[in-house]
Every structure is written in C-alpha cells, then in structure tokens.
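Q: Below is one structure. I have some questions about it.
The values are calculated or read from the model by the stated rules, or taken from the named source; none is laboratory data. This is a predicted model, so every value here is computed, not measured. Here the Cβ is made from the backbone with ideal geometry for all residues, glycine too, and neighbour counts use every protein chain on show.
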Amino acid sequence: MTAAAPSKSRRSRSALHTATVLALLAGSAYLTYALRADEQAKAPAVRIVAEKNVAGVAGVAPTGQSGERKWERLQGPDRSVLRDGSGQVLATFTDGARTATLTGPSRTFTEPANTKSRVVTENWVRLMPEAWKQGAENQPWFKEWFTKYFGSQEDDIFAMAFQYGDQAPVKKDAQGASYAGDASFGPLNPTGTAGNDLRLEQSDFFDYLGKPYTFRNGVTKQPQTARYRSMDCSGFVRTVFGYRARYPLMPDDTPGAGLPRTANGMARSKLGTDVLPLKGVGAEDRPTSIDVIQPGDLLFFKLDARTKDRLDHTGIYLGTDTDGHKIFISSREEANGPTIGDKGGTSRLDGNGYYATTLRSAKRL
C-alpha cells in the first residue's frame, strides 16, 4: 500500500483531549477538538450518569439537574424530547431515525488553518440499536442503551468525524490495524487541473483502510492501492456512520437496508427521516428554511451541473459556531480531506454562500 498523495501539504496541529481545558491554544494550525469544562452552574449536569429509571417520565433528578425528567412529543418532524425539571433539553429522538442527540460535556471544534469558525457544542450524536418510535422510552432496549450512553464520553459521531481531519493522529485497533487518522480526499487525477477535478472521487472506507470488506449481502469490495488513506464525501459519511458507528452499509446504490454508496443514493433512500425533503436539484429547490435541522443530520448538495439530476455532495451538520453560523463537516477535493474550513467554499448553511445556495435536502439517519 502507498500513503496518500505526497503533494498534500498541511500544517500540523495539537490535539487537546482533556475535559478540563477551558480554551484552545491560540495559533493551532490544524483540525482539533477539545472537551471543555462547562460553566460552573452547568458542570455537574453534563457529567452525570443516568439513574436506572432514566427512561421513565418521573424520577429523582441527579445532582445538578432541576426537578423530574419529563417526556414531550413534538412535530415537524415527529419526535420525543426528554427535558429536566427546568425545561433543559437532555435528549431528542426522531421517529424513524436511529440518530439521537444527547446533551453532554461541552466540546470545541476548530480548524484554524482554514477557518476562524469555532463550534462549541454540548451535543453528542449517537446511533441507537433501533429506529425510534413513539413510546420507545418504555422499551428495555432503550433503557439499557440510554443508561449506558447518557453522560458518556465514549467517542460519538462528532468525535469519530474529527479523527480523519488534518493531521489527526493514527489510531490502531487491538490487532495493530489502523482505523483512523488524517485522510485525503483521493489520489491525484492525471487529467485534472487546479480547481477542476484535481483529485479522483470514489474512495470509500475500505480504500482508506486498505483491506477488503464483505457487506451483509455477501458482496466483497477490494481496496485500490492508490486510494489508501483516502475517502470522498460519501465515503467519509460511510466511514463515520457505517464502519465506525455500525450503521448497515450497502456496496452500491441498490435499494436495501443499508446506507448507499453515493450522496445521491443516500438522499433518495427511504432510510431514516427526511427533515428537509428533496424537492428537486434546481436552484429553485433550495429549502426556504433550514431551522429544522439538528446536529448529526446528513446534508445533501447539488454542486456540479455535469451530474444532471443527481445530488453530488454530502456532509454532517455540526450545529452553530460562536458567530451563529450553521456549520458542517465534509470531505472535499479542495481541502484534500474532511474539513470545516473555507477551501472550496465556506462551510456555512446560512446566508447565500456556495454551500448555502446548493443545499437541497437533509436526512436524520
């Protein structure tokens, strides 16, 4: 296997991993995230481990929380929200989706080399073992899952996503195989030019890993040596949600009980819940309001006229940055890998920038 294209140039960064750090070191020049201690008034609440009756409507609140926990049903989309006695949202579960957003320790995500954006969030996005439906809070599977993960600092979707950013350190499993670390977008395109198909697409998670992968339907895909340590936009989403978080995967865009291979296949699949339904790919089909999206949602864009009626880019919504802009992370050719930066367009969904105007739909997986 060969390493990612040697022309890739990035400045190094220092990753902070402690829950007591109050701010990022100034001048850090690469993607990083840090667990940050919350304000004193909230600190006890974000470190709790749920009590055994967490899934019930009533119960004694742990230290730092106010009153009894209560469930609330909301619409648009249909979902169940768990609140503490003061009304603070502790968790959100959407009908038909396995993605859950839990309140936990505050973290800061930055990429100083490519953007000034800082995303400070208490949202922890995790996959449940089953899709949510009304009343699931009373099911044994949910009680067990919630007890394990509410207040947990085990890697979630966001933590996993940033383990493939610029200069992210290599992580190895118990057998010594690398499963995370700085990823490139893809190998150099021999016929491409700067700003025009400079790098090849179609690098999936098994290319990044450099080992064959057999899908649930029995199809085995072989990695390409030139694509080692690479993942395109949909390959990045499949790496994070599928290979890492264990959401089922399909080897291609054939309909089935798994995440398809391409952005277009994902957007048009019946998986999860469409929070911004796809109306079309034209400029007139841009969503009029995106306030319904929440951290962890998959985003789908129409960037290239050459792909005709196909959606051709996808990313993961992170939430708002400290300036109030809606920020997402995706793997891009221009940044040569996963980024929240400004190369190839500012990573904002609000306003009238490149990605804001090309957003067409969103899905809660």
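Q: Which condition number does Lys363 fail, the rest of (1) among the charged types (D, E, K, R); (2) without any contact (Cβ under 8 Å) to a residue 60 or more places away in the chain; (3) crowded, with 24+ Cβ neighbours inside 10 Å being met?
A: Checking Lys363 against (1) among the charged types (D, E, K, R); (2) without any contact (Cβ under 8 Å) to a residue 60 or more places away in the chain; (3) crowded, with 24+ Cβ neighbours inside 10 Å, the one that fails is (2).
Q: Pick from Gly256, Gly181, Gly210, Gly242: which is in contact with a Gly (Cβ under 9 Å, 6 or more places away or on another chain) and touching a residue at least 24 places away in the same chain (Cβ under 8 Å)?
A: Gly242
Q: Residues of the range 245-263 being surrounded by fewer than 20 Cβ atoms within 10 Å (Cβ to Cβ) and among the basic types (Lys, Arg), which ones?
A: Scanning the range 245-263 gives a single hit, Arg246.
Q: What about Gly235, is it over 21 Å from Ser331 (Cα atoms) and touching a Lys or Arg at 6+ places or on another chain (Cβ under 9 Å)?
A: In short, no.
Q: Any chance the range 311-322 includes a residue that's part of a loop (DSSP other than H, G, I, E, B) and more than 28 Å from Leu200 (Cβ to Cβ)?
A: yes
Q: Sticking with this one: Can you name every residue in the range 84-127 that is touching a residue at least 40 places away in the same chain (Cβ under 8 Å), aromatic (Phe, Trp, Tyr) and under 13 Å from Gly296 (Cβ atoms)?
A: Listed by number, the list holds a single entry, Phe93.
Q: Of everything in the range 153-171, what is in contact with a Pro (Cβ under 9 Å, 6 or more places away or on another chain) and closer than 23 Å to Glu333 by Cα? Give them in sequence order.
A: Ile157, Phe158, Ala161, Phe162, Gln163, Tyr164, Gly165, Asp166, Ala168
Q: Are any of the residues in the range 325-348 without any contact (Cβ under 8 Å) to a residue 40 or more places away in the chain and surrounded by fewer than 16 Cβ atoms within 10 Å (Cβ to Cβ)?
A: No - not one qualifying residue is present in the range 325-348.
Q: Whether any residue in the range 298-319 is on the phi > 0 side of the Ramachandran plot and either polar (S, T, N, Q) or loosely packed, with under 15 Cβ neighbours inside 10 Å (or both) is what I want to check. Let's see the steps before the verdict.
A: The initial filter retains those residues of the range 298-319 that are on the phi > 0 side of the Ramachandran plot, namely 308, 319.
Among the residues that remain, those that are also either polar (S, T, N, Q) or loosely packed, with under 15 Cβ neighbours inside 10 Å (or both) are: 308.
Yes, the range 298-319 contains a residue that is on the phi > 0 side of the Ramachandran plot and either polar (S, T, N, Q) or loosely packed, with under 15 Cβ neighbours inside 10 Å (or both).
Q: Counting only residues that are out of contact with any strand residue (DSSP E or B) (no Cβ under 9 Å at 6 or more places or on another chain) and among the hydroxyl-bearing types (Ser, Thr, Tyr), which one in the range 167-200 is modelled with the highest pLDDT?
A: First, the residues of the range 167-200 that are out of contact with any strand residue (DSSP E or B) (no Cβ under 9 Å at 6 or more places or on another chain): 174-177, 190-191, 193-197.
Restricting the remaining residues to those that are among the hydroxyl-bearing types (Ser, Thr, Tyr) gives 191, 193.
Details: Thr191: 75, Thr193: 61.
Top of the filtered list is Thr191.
Q: Okay, next question. Would you check which residues across the range 153-178 are surrounded by fewer than 17 Cβ atoms within 10 Å (Cβ to Cβ) and touching a residue at least 60 places away in the same chain (Cβ under 8 Å) and list them?
A: Gln153, Pro169
Q: If I filter the range 331-352 down to residues being of a type in the set (Gly, Ala, Ser) and closer than 18 Å to Arg118 by Cβ, which single residue comes out as farthest from the chain's Cα centre (by Cα)? Spell out the reasoning first.
A: Filtering the range 331-352 for residues of a type in the set (Gly, Ala, Ser) gives 331, 335, 337, 341, 344-345, 347, 351.
After this cut, where a residue has to be closer than 18 Å to Arg118 by Cβ as well, the list is 335, 341, 347, 351.
Details: Ala335: 17, Gly341: 15, Ser347: 14, Gly351: 21 Å.
Restricting to residues being of a type in the set (Gly, Ala, Ser) and closer than 18 Å to Arg118 by Cβ, the top hit is Gly351.
Q: Something else about it: Any residue in the range 141-149 that is crowded, with 17+ Cβ neighbours inside 10 Å and not aromatic (Phe, Trp, Tyr)?
A: Looking for residues that are crowded, with 17+ Cβ neighbours inside 10 Å and not aromatic (Phe, Trp, Tyr), one finds at least one in the range 141-149, hence yes.
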